[in-house]
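Before any comments, here is the structure.
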Amino acid sequence: MNEISQPFGRVLVVEDDLFNGPYTVELLRGSGFDANLAVSAEEALVFLDNSSESEPDLILLDVNLPGMDGLEMAAKLKAHSEFQYIPIIIFTVHDSLEFKIQGLNSGGDDYLTKPFEADELMARGNAMMRIRRLYKSLQNERLENLRLSETLDSSEKLANLLGRSEKMRGICDLILDISGSDSNVLIHGESGTGKEIVAKAIHGYSQRRNGPFVIVNCAAYAETLLQSELFGHEKGAFTGAIKSKRGRFEQADGGALFLDEIGEVNLPTQVVLLRVIQEKRFERVGGENTISTDARIIAATNKDLKKSMLQGTFREDLYWRLNVINIHIPPLRDRKEDIPQLVSNFIESFNERLGKKIVKFSQDAMDLIFRYYWPGNVRQLENAVERAMVMCKREIIRPEDLPQELRPGDSELFGSSVKDACLGTLEREHIRSVLEQCNWNKFRAAQVMGISRSTLYSKMKKHELLAPV
């Protein structure tokens with residue numbers, strides 16, 4: 001099958017002469033251009049306003065037009081934010097240098113004296129087309145650079161929020177990769193790992209960011225009340241339903257619905273939930289009218305749903321409806337290099353909330369934080385930082401400000417591997433993480449860690465830490 005050839009470019013001819021206008025259009029079309037004719041400046045401006053996605057690459061503009069003349073139109077176009085970079089060749093019967101200069105000053109990029117030779121028109125038109133293509137190329141390059149810059153900025157903001165470890169960087173990249181998608185997402189991880197924060201980030205970087213983000217903790221409602229919470233109910237649907245109520249699916253229309261602890265939903269509700277996700281329609285409890293919904297589903301769980309499916313407590317079809325995009329958040333003990341960033345975030349947040357001026361943790365206090373197993377993950381770390389800041393009477397948090405379970409010998413949660421000499425590995429992770437945050441500025445990193453530069457150099461040599469090339 002023959003491919004349809006693309007035109008050499010789009011040309012708008014603005015000419016009221018009954019012979020020259022149609023002749024120029026046919027000449028251009030015969031040479032492979034997509035040409036259109038307007039017989040006045042006003043008609044040409046209407047054409048331009050209605051062709052935002054297919055604006056011309058070149059305008060051939062006569063000077064003597066009814067109403068607005070060509071020089072006035074050229075000046076108007078060059079002052080327009082969208083049309084100012086479209087090349088303009090001015091048609092004129094005047095061959096004086098003074099008139100040509102006036103045309104160029106008005107906004108024309110070249111001129112052509114009537115009557116003109118066809119070859120001359122093509123030569124000047126092709127020259128302007130090359131300029132137009134160069135401009136478009138530069139514009140596309142600029143837009144791509146802007147897109148890449150915005151992506152890097154977004155990636156950096158997410159890393160500041162979620163963490164800079166390799167595992168969390170992967171999650172940050174995935175959030176940006178799916179930003180143009182409306183597909184359902186299933187987030188899984190231990191309690192306290194930050195599933196809700198990740199869900200909010202997914203919504204915040206999505207095309208639905210201006211829509212509502214509605215949260216439902218599925219474990220917080222009795223089995224009989226969860227359907228009412230999700231889908232709403234009509235007045236008198238059950239004892240206590242004294243008025244009609246909109247459900248969370250209605251509230252999330254046009255945005256996202258975050259179903260936390262989805263693994264706690266009972267089987268009858270799973271059946272209804274599956275139908276709503278598939279058909280995007282539902283009825284309120286006790287109601288007969290069908291309601292449409294356009295809510296993106298982001299679900300989260302700390303359960304092994306595959307194991308739940310084998311046990312018959314979670315529907316396989318619902319699992320695959322939810323699990324279009326899967327995100328696993330690792331426990332904090334497996335990404336301790338994120339701790340310095342998270343601690344810094346918490347200090348900043350609690351300083352504002354508590355009216356404190358805490359600067360940092362001492363090195364000894366930070367060592368204890370790194371040694372701890374963190375069974376409660378990020379949520380437990382946040383609570384520990386808040387408690388330490390409440391107790392601290394200085395600008396630097398010390399070991400005695402930390403919760404009792406973080407102090408040596410007071411807990412079994414310091415992992416045997418740590419007791420058997422894993423401290424060196426944790427120290428290396430901590431130093432590398434601080435250096436990365438400081439862009440490998442050793443003076444700043446030493447200040448953050450509360451040690452001298454010579455001590456930092458010694459530790460870097462010990463752990464074979466080198467700045468990236």
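The values are calculated or read from the model by the stated rules, or taken from the named source; none is laboratory data. From a predicted model like this one, the values you see are computed outputs, not experimental measurements. Positions of Cβ are generated from backbone atoms using ideal geometry, with glycine treated the same way; all protein chains shown enter the neighbour counts.
Out of the residues in the range 434-469 meeting the condition of being closer than 21 Å to R398 by Cα and not in a helix (DSSP H, G or I), tell me which one is modelled with the lowest pLDDT.
Only one residue tops the list, namely G450.
Output yes when any residue across the range 113-132 is modelled with pLDDT of 85 or more, under 19 Å from V25 (Cα atoms) and not in a helix (DSSP H, G or I), and no when none is.
No, every residue in the range 113-132 fails to be modelled with pLDDT of 85 or more, under 19 Å from V25 (Cα atoms) and not in a helix (DSSP H, G or I).
From the set of residues in the range 14-57 that are of a type in the set (S, T, Y) and closer than 24 Å to V93 by Cα, which is surrounded by the most Cβ atoms within 10 Å (Cβ to Cβ)?
This residue is T24.
Can we say D260 is of a type in the set (D, E, K, R), in contact with an Asp or Glu (Cβ under 9 Å, 6 or more places away or on another chain) and surrounded by fewer than 20 Cβ atoms within 10 Å (Cβ to Cβ)?
no
Kindly state which strands (runs of 3 or more DSSP E) lie completely within the range 246-293 and contain at least 1 residues that are among the small types (G, A, S) and within 24 Å of I197 (Cα to Cα).
256-260
Please note which strands (runs of 3 or more DSSP E) are completely contained in the range 7-106 and include at least 1 residues that are over 17 Å from R124 (Cα atoms) and without any contact (Cβ under 8 Å) to a residue 60 or more places away in the chain. Working first, answer last.
Numbers: elements: 10-14, 34-38, 58-62, 88-92.
So the answer is 34-38.
So which of I431, I369, I396 is at pLDDT 80 or above and either surrounded by fewer than 19 Cβ atoms within 10 Å (Cβ to Cβ) or not assigned by TED's automatic domain parsing to the domain that holds N351 (or both)?
On the way: I431 fails: either surrounded by fewer than 19 Cβ atoms within 10 Å (Cβ to Cβ) or not assigned by TED's automatic domain parsing to the domain that holds N351 (or both); I369 fails: either surrounded by fewer than 19 Cβ atoms within 10 Å (Cβ to Cβ) or not assigned by TED's automatic domain parsing to the domain that holds N351 (or both).
When all the criteria are applied, what remains is I396.
Which of the numbered conditions does T224 fail, given that it passes all the others? Conditions: (1) touching a residue at least 24 places away in the same chain (Cβ under 8 Å); (2) under 30 Å from L267 (Cβ atoms); (3) not aliphatic (A, V, I, L, M).
In the conditions (1) touching a residue at least 24 places away in the same chain (Cβ under 8 Å); (2) under 30 Å from L267 (Cβ atoms); (3) not aliphatic (A, V, I, L, M), T224 misses (1) alone.
Look at G192 and say whether it is within 24 Å of L259 (Cβ to Cβ), modelled with pLDDT of 85 or more and not in a helix (DSSP H, G or I). Quick ask: steps written out before the conclusion?
Working: within 24 Å of L259 (Cβ to Cβ): yes; modelled with pLDDT of 85 or more: yes; not in a helix (DSSP H, G or I): yes.
Against the criterion (within 24 Å of L259 (Cβ to Cβ), modelled with pLDDT of 85 or more and not in a helix (DSSP H, G or I)), G192 qualifies.
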